[in-house]
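Worksheet: the structure to be examined is printed underneath.
The values are calculated or read from the model by the stated rules, or taken from the named source; none is laboratory data. Every value quoted in this text rests on a predicted model; they were computed, and no experiment measured them. As a convention, Cβ positions derive from the backbone with ideal geometry for all residues, glycine included, and neighbour counts pool all protein chains shown.
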Amino acid sequence: MIKYKLICKQCNFTFDSWFSSSRDFEKLKKKELINCHNCNSIKVEKTLMAPRVISKNFDNNLKKDLKKYKNIKNKILEYQKFIRKNFEYVGKNFTYEARAIHYNNKKINKGIYGSASINDLKELKEEGIDAQIVPWIDDNKN
């Protein structure tokens with residue numbers, strides 16, 4: 001796990017975020033999945049960070065942080081299980097399917113979930129179509 005201090009180039013808002021690795025940060029940034037918590041812009045960059053000084057409490061703090069991370073991860077996995085059970089997966093057709101439901105009054109038995117870019121979600125919102133971003137973890141335990 002790595003913690004980065006991030007800054008939004010649009011509104012200058014700074015915030016911290018955890019990533020499993022620097023490579024994962026770059027992957028998420030390239031896919032435009034990192035956005036500002038303040039203005040929702042995708043113009044987010046890493047900023048200067050102070051090195052973490054190791055102290056006597058380092059192990060305790062690390063254990064607390066890992067416990068918090070595990071709890072959050074477990075809660076997200078719980079949500080994912082609920083979503084998989086109660087919603088229909090439409091994959092990359094999410095934007096198309098959401099519009100079909102909204103404009104054509106398409107009959108559905110279940111809600112839908114899938115993937116869409118930040119720009120697609122902004123367009124849906126502008127059209128009055130409610131769609132939410134849900135954190136998703138690929139839990140590949142071997």
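Details
- Top-ranked residue in segment 1-39 [being on the phi < 0 side of the Ramachandran plot and among the polar types (S, T, N, Q); ranked as farthest from the chain's Cα centre (by Cα)]: Q10
- A single entry from L6, L48 fulfils the requirement of being of a type in the set (A, V, I, L, M) and exposed (fewer than 12 other Cβ atoms within 10 Å of the Cβ): L48.
- In segment 69-98, the residues that are in the same structural domain as D120 (by TED's automatic domain parsing) and at negative phi reach residues that are assigned to a helix (DSSP H, G or I) and of a type in the set (A, V, I, L, M, F, W, C) with C-beta atoms within less than 6 angstrom, at least six apart or across chains, in these pairs: A98/L124.
- With respect to being among the aliphatic types (A, V, I, L, M) and closer than 29 Å to Y69 by Cβ, A98 falls outside the description.
- E45 vs. criteria acidic (D, E) and over 24 Å from T14 (Cβ atoms): no
Table: residues versus (1) modelled with pLDDT under 90; (2) among the hydrophobic types (A, V, I, L, M, F, W, C).
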{"site": "S21", "(1), (2)": "yes, no"}
{"site": "L33", "(1), (2)": "yes, yes"}
{"site": "T47", "(1), (2)": "yes, no"}
{"site": "L62", "(1), (2)": "yes, yes"}
{"site": "L66", "(1), (2)": "yes, yes"}
{"site": "E78", "(1), (2)": "no, no"}
{"site": "K81", "(1), (2)": "no, no"}
